[in-house]
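Take a look at the structure below.
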Amino acid sequence: MKTFTFRLKVYYEDTDAGGVVYYANYLKFMERARSDTLENLGFTNKSLIDEDETYIIVKSCNINYIKPASLEDDLEIKSNIKKITKTSFFMSQKVFKDNDQITDAEVHLVTIDKKGKPVKIPKRLKEELEKLI
């Protein structure tokens with residue numbers, strides 16, 4: 001199983017009044033990591049829309065906050081593909097601070113057309129995703 005690592009620094013705008021990362025921002029961090037994973041596979045969200053008329057959306061996300069991150073922390077998000085179906089795939093995303101896991105998420109992603117209806121994962125993308133399991 002291949003793991004993709006995305007690194008980021010926590011900025012002031014990412015935190016609440018107490019200097020702790022606001023819980024919803026972890027979802028933004030993980031979205032960036034998923035986009036980066038796509039790019040590492042040779043795709044972008046824009047290219048999938050333009051060339052395949054396919055959008056990738058989050059159907060569900062189960063997230064567990066283990067420990068907080070704070071202002072100016074350096075974080076790593078590790079992403080893995082867990083399972084692939086005809087129209088969706090599942091990712092595991094874990095956030096680390098100083099090698100300690102601080103957040104864990106299971107994300108179910110679905111491929112849809114511009115009308116919002118589920119469609120098969122484009123063949124070229126599915127082939128790349130299958131190499132990662």
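The values are calculated or read from the model by the stated rules, or taken from the named source; none is laboratory data. All of these numbers come straight from a predicted model, not from anything done at the bench. Glycine also receives a Cβ, built like all others from the backbone with ideal geometry; neighbour counts cover every protein chain displayed. All accessible areas refer to the heavy atoms of the entire protein, side chains included, with ligands and DNA or RNA removed. Shrake-Rupley method; radii C 1.70, N 1.55, O 1.52, S 1.80 Å.
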field: Candidate set from the stretch 29-66 (those that are surrounded by 17 or more Cβ atoms within 10 Å (Cβ to Cβ) and of a type in the set (Ser, Thr, Tyr)); member that is farthest from the chain's Cα centre (by Cα)
entry: 54
message: For the condition among the charged types (D, E, K, R) and either farther than 16 Å from residue 7 by Cα or more than 16 Å from the chain's Cα centre (by Cα) (or both), what is the one hit in 94, 114?
response: 114
- prompt: Of everything in the stretch 39-68 that's in a loop (DSSP other than H, G, I, E, B), within 20 Å of residue 8 (Cβ to Cβ) and of a type outside the set (A, V, I, L, M), which residue is modelled with the lowest pLDDT?
  reply: 44
Neighbours by Cβ (under 7 Å, 6+ apart or cross-chain): first from the stretch 74-92, farther than 30 Å from residue 12 by Cα; second outside any strand (DSSP E or B) and charged (D, E, K, R): 84/126; 84/130; 86/120; 87/120
message: Against the conditions (1) open to solvent by 30 Å² or more (accessible area, probe 1.4 Å); (2) assigned to a strand (DSSP E or B); (3) closer than 18 Å to residue 6 by Cα, where does residue 83 fall short? Just the number, please.
response: (3)
field: Filtered residue count, the stretch 117-133, keeping only those that are open to solvent by 30 Å² or more (accessible area, probe 1.4 Å) and over 17 Å from the mean Cα position of the chain (by Cα)
entry: 8
query: Considering the stretch 94-133 alone, what residues qualify as being part of a strand (DSSP E or B) and among the polar types (S, T, N, Q)?
result: 101, 103, 111
message: Checking the structure you have, find out if any residue of the stretch 69-78 is touching a helix residue (DSSP H, G or I) at 6+ places or on another chain (Cβ under 9 Å), in a loop (DSSP other than H, G, I, E, B) and open to solvent by less than 30 Å² (accessible area, probe 1.4 Å).
response: yes
- request: Looking at (1) closer than 10 Å to residue 54 by Cβ; (2) open to solvent by less than 40 Å² (accessible area, probe 1.4 Å), find the lone condition where residue 108 falls short.
  value: (1)
